[in-house]
Amino acid sequence: MTTDASHGADRGRRRINVTFSPPTPNGDLHLGHLAGPVLGSDVCARAQKIHGHDVAFGTSTDDNQTYVVTTAERLGTEPESLIRQAFDSVTKTLALAGVDVDLFERPDADYTAFVENFFTHLWRHDAFDRREVELPYDEVAGEYRAEAFVTGRCPTCLAHARAGVCEACGLYNLPGALLPVADTASALPRRPVSIWVLDLERHRSMLTNWYRSSDIRLRPDLERVVEQSLAGPLPYIPVTYPSSWGIPVDWDGPDAPGQAVNAWPEIYVGHLYWLDRARAGRQAGADELVQFIGIDNGFYNAFVYVALSLLAVRHGLPVELPRTRTLTNQYYLLEGRKFSTSKGDVRWAGEFLEAFGRDRTRFVLSLTSPELQQSEFSEPVAASTLATRFDAPVATIAGKFTAALAGRSVDAEPSPWWTTALQASRRRFEDAYRLETFSIRRAAEALALHLEVLALRCADLDTDDPGEVSGALQYLWTLRTLAWPVTPDLAEQVSDAFGAPSTVGNPPLLADLDRRPPAAFARLSVDRSLPAPEGS
């Protein structure tokens, strides 16, 4: 949230916190989650580790989302049972995918108290306004309906939407603002009810000053959300809802209807709590926060979370304002539809990982990630891409090197051809891994080209030329470091091939990239079966 100058960017070892939007525990992670914020955050965290930075990487499940309740109702189960099952599934999938989080937990009593204290402190300092709003009311259930319970048409773009942020245009709408659709909660009669809101228009100058002073470039989709939102009056965002689901607050007194904290603003406070926990035993705080989100969370990150952080500092809460970078992704499509757990439009990530293996999954999802625009997932296309751009070159490299170069060492200066290729490939990887230009698609493309060059060149390698042999071996050796963020198992196999220390829990460093391998090349063993999760 501040400029590079204030933290001495890129000078020395920095403390970097990385997180992704907490998954709603209404099912396992699907490929849309994995190809978007989950894999992006892991590759980023790993990339910062090879730069030598102190990285904390953590998040939790988002237990208080109303999507948990609506999915449990649809499945005929209890919300708590659904949460436990989903947490176990997501935890397993993260391990299968090699997502190397320092912490992934469920909200507990300490977390609940932290969130309640945070919002109550701001409420006591008049950061929120009491507002009477009209919400759909279910006479049969005797409950107001909001968020996931309410579907209708977005009043801005007319797309089908749920209350909150429209997934199509990214703009915010209140439950009562949706254009009603018959036989849904949006068509229920509306009743007035008092809630507490964060009036963003009241804090407009604070928000615009923050954006004016920040030199971090937003991705185009998030920049569009910011510009469109600032073009008119900013909305007010419910901080509480009349609900029995979520973290309760009694700001209106014991005789008033029960209110619970809105789960969307809660996510920001969760980031504070879980990242602090992830840094346990290390120096607290961070120079930079990098958060990965789908664009459907863009409005909250761009306005609600920024407002809450600035208000927290203004009103004396012990909250730091690290330089903050929000990296969005668009939607991964399954047969033209957005992946959606709540709608049942999914290909489960755990099942795909078990079928395709960890590195292969990470590679193809990185290569097709919907970073800047929507992309279509097709299993036949994914299998074909893997066969041609990963499996075939890796198999060629393993076979040719083992047959021709076993026992050979990097004992001469690489030839000019290899020197140029090494410099060019390293630049491609470093550009993809640098925070200012970070991209898992570019990282996967850099890896694919590195493998392609190595496979084609080694077919005609002059094994009598020491410069050619040393260049080829050094080019393979660099994958121990350069491939580690995207395909950690391949990096470990290269490490084994040269008798180097394991890279599991021991990130190889870019600073050591020019060093020669510690031993002669033995053989490259490429096992396409699913490796054991890291740390096992």
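Residue by residue, here is whether (1) part of a loop (DSSP other than H, G, I, E, B); (2) open to solvent by 20 Å² or more (accessible area, probe 1.4 Å); (3) under 16 Å from V133 (Cα atoms); (4) modelled with pLDDT of 90 or more holds:
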| position | (1), (2), (3), (4) |
| --- | --- |
| L234 | yes, no, no, yes |
| I237 | no, no, yes, yes |
| W245 | yes, yes, no, yes |
| P254 | yes, yes, no, no |
| P257 | yes, yes, yes, no |
| E266 | no, no, no, yes |
| L272 | no, yes, no, yes |
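Conditions: (1) outside any helix (DSSP H, G or I); (2) modelled with pLDDT of 95 or more. E376 meets all but one. Number of the miss?
Exception for E376: condition (2).
Can you confirm whether A141 is open to solvent by less than 60 Å² (accessible area, probe 1.4 Å) and either in contact (Cβ under 8 Å) with a residue 40 or more places away in the chain or within 21 Å of S21 (Cα to Cα) (or both)?
In short, no.
Kindly indicate which of L82, L103, L135, L94 is closer than 26 Å to A45 by Cα, touching a Gly at 6+ places or on another chain (Cβ under 9 Å) and open to solvent by less than 70 Å² (accessible area, probe 1.4 Å).
L103
I'd like the full set of residues that are under 20 Å from A35 (Cβ atoms), assigned to a helix (DSSP H, G or I) and open to solvent by less than 10 Å² (accessible area, probe 1.4 Å), limited to region 436-473.
Matches in region 436-473: I440, A443, A444, A446, L447, A448.
Looking only at residues in region 361-399 that are open to solvent by 40 Å² or more (accessible area, probe 1.4 Å) and of a type in the set (D, E), which one is farthest from the chain's Cα centre (by Cα)?
Going through the qualifying residues, I end up with E379.
How about region 476-519: which of its residues are farther than 23 Å from L449 by Cβ and open to solvent by less than 40 Å² (accessible area, probe 1.4 Å)?
Within region 476-519, just A500 meets the criteria.
Pick from G285, G281: which is at pLDDT below 90 and either open to solvent by less than 30 Å² (accessible area, probe 1.4 Å) or touching a His at 6+ places or on another chain (Cβ under 7 Å) (or both)?
Just one listed residue meets the conditions, G285.
Looking at region 26-54 only, could you name the residues that are under 15 Å from the mean Cα position of the chain (by Cα) and open to solvent by 20 Å² or more (accessible area, probe 1.4 Å)?
The one that is under 15 Å from the mean Cα position of the chain (by Cα) and open to solvent by 20 Å² or more (accessible area, probe 1.4 Å): H33.
So if I check each of L422, L482, L461, L490, which one is among the hydrophobic types (A, V, I, L, M, F, W, C), under 21 Å from L524 (Cα atoms) and modelled with pLDDT under 95?
Exactly one of L422, L482, L461, L490 is among the hydrophobic types (A, V, I, L, M, F, W, C), under 21 Å from L524 (Cα atoms) and modelled with pLDDT under 95, namely L461.
Is there a residue in region 34-46 that is more than 23 Å from D296 (Cα to Cα) and among the polar types (S, T, N, Q)?
Looking through region 34-46, none of the residues is more than 23 Å from D296 (Cα to Cα) and among the polar types (S, T, N, Q).
Test of understanding: among D489, D460, D465, D496, which residue is touching a residue at least 12 places away in the same chain (Cβ under 8 Å) and over 26 Å from A95 (Cα atoms)?
Testing whether each residue is touching a residue at least 12 places away in the same chain (Cβ under 8 Å) and over 26 Å from A95 (Cα atoms) leaves just D465.
Working only within region 416-427, note down all residues that are crowded, with 18+ Cβ neighbours inside 10 Å and charged (D, E, K, R).
Hit for region 416-427 is R426, nothing else.
Among the residues of region 170-225, which ones are assigned to a helix (DSSP H, G or I), open to solvent by less than 40 Å² (accessible area, probe 1.4 Å) and not hydroxyl-bearing (S, T, Y)?
If the condition is that a residue be assigned to a helix (DSSP H, G or I), open to solvent by less than 40 Å² (accessible area, probe 1.4 Å) and not hydroxyl-bearing (S, T, Y), then P175, G176, A185, L200, H203, M206, L207, W210, D221, L222, V225 are the ones that fit.
The values are calculated or read from the model by the stated rules, or taken from the named source; none is laboratory data. A quick note: this is a predicted structure, and the numbers were derived from the prediction, not measured. All Cβ positions, glycine included, derive from the backbone under ideal geometry; neighbour counts span all protein chains shown. All accessible areas refer to the heavy atoms of the entire protein, side chains included, with ligands and DNA or RNA removed. Shrake-Rupley method; radii C 1.70, N 1.55, O 1.52, S 1.80 Å.
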